[in-house]
Amino acid sequence: MGFIIAVDGPAASGKGTIANVLAKDFGFPFLDTGLLYRAVGVRLLADHQDLDDGAAAEACARGLELSALERPEVRTRAAGEAASRVAVHAGVRAALLDLQKSFAAHEPGAVLDGRDIGTVITPHAQAKLFVTAAPEVRAERRWRQLNGQGEAVTYEEILADIRKRDERDSGRHSAPLAKAEDAVLLDTSEKTIDAAIDAARRIVEAARAKAGI
Ligand code: C5P
């Protein structure tokens, strides 16, 4: 079995940046699993389908093509909101399961980030991080990112989005956002991105030493 690094956490916690750097460090492929849900949401919106229709969303997830993850639309604020609405459907999650599991099986290892990687997708991952930060800090980061992409949106709107998304992601029945018992908590609220990356590297190095690598 390869060495799996599972990085979970709420929106804009810094988990994507951290997961990307870890993947480069170790030369492992990286899957941002949020993009899967985003691509399903974007597709349904484009087809004027109801995001709350579980059967339609599941059919869309089953037909998902990986090229859809590359499209810029999946990075918008609307895509994030649509993603968290389609992600509540158990059928959607089931449809995306095999793809994520086979990605995780890459040798000599893989990095996945999301909400349920350490709990549901790869509970056997050797390194698990749960990256979080205060909602206000995450809102500020996401606001800067979206503004940089040219989206006109206020900090208050983003903070409201983040709070709503946290509630929906943590409160759903199917694979809610939760820290795996054996995940290491990394709070990035008061850390620069470099300090957060250093802390993440130390967590993974400790897990590799424990795995005898
Ligand atoms: O991480 P990102 O913000 O791109 O994720 C968008 C949404 O997709 C999340 O708010 C969550 O509802 C859903 N998601 C999920 N499980 C994952 C990754 C993302 O439910 N593993």
Inset, instruction - Output yes when any residue across the range 41-61 is without any contact (Cβ under 8 Å) to a residue 12 or more places away in the chain, open to solvent by less than 60 Å² (accessible area, probe 1.4 Å), outside any helix (DSSP H, G or I) and away from the ligand (no atom under 13 Å from the Cβ), and no when none is. - result: no
Legend entry - Only listed residue being out of contact with any Pro (no Cβ under 8 Å at 6 or more places or on another chain) and aliphatic (A, V, I, L, M), chosen from A23, A61: A61
Legend entry - the range 73-125: number of residues that are assigned to a helix (DSSP H, G or I) and in contact (Cβ under 8 Å) with a residue 24 or more places away in the chain: 29
Legend entry - Residue under evaluation L64, criteria (1) aliphatic (A, V, I, L, M); (2) touching a Lys or Arg at 6+ places or on another chain (Cβ under 7 Å); (3) outside any helix (DSSP H, G or I); (4) farther than 24 Å from D25 by Cβ, criterion not met: (2)
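Looking at the structure I just gave you, is A175 on the phi > 0 side of the Ramachandran plot and either touching a residue at least 12 places away in the same chain (Cβ under 8 Å) or more than 16 Å from the ligand (Cβ to nearest atom) (or both)?
Numbers: on the phi > 0 side of the Ramachandran plot: yes; either touching a residue at least 12 places away in the same chain (Cβ under 8 Å) or more than 16 Å from the ligand (Cβ to nearest atom) (or both): yes.
It is true that A175 is on the phi > 0 side of the Ramachandran plot and either touching a residue at least 12 places away in the same chain (Cβ under 8 Å) or more than 16 Å from the ligand (Cβ to nearest atom) (or both).
Considering each of A180, A139 in turn, give the residue that is within 16 Å of the ligand (Cβ to nearest atom), under 22 Å from A23 (Cβ atoms) and either buried (at least 16 other Cβ atoms within 10 Å of the Cβ) or more than 16 Å from the chain's Cα centre (by Cα) (or both). Can you show your working first?
On the way: A139 fails: under 22 Å from A23 (Cβ atoms).
Matching residue, one of A180, A139: A180.
The values are calculated or read from the model by the stated rules, or taken from the named source; none is laboratory data. This one's a predicted model, so the numbers in the text were calculated from it and none came from an experiment. Heads up, the Cβs are rebuilt from the backbone with ideal geometry, glycines too, and the neighbour counts pull from every protein chain shown. The accessibility values were calculated without ligands, DNA or RNA, using every heavy atom of the protein model including side chains. Shrake-Rupley method; radii C 1.70, N 1.55, O 1.52, S 1.80 Å.
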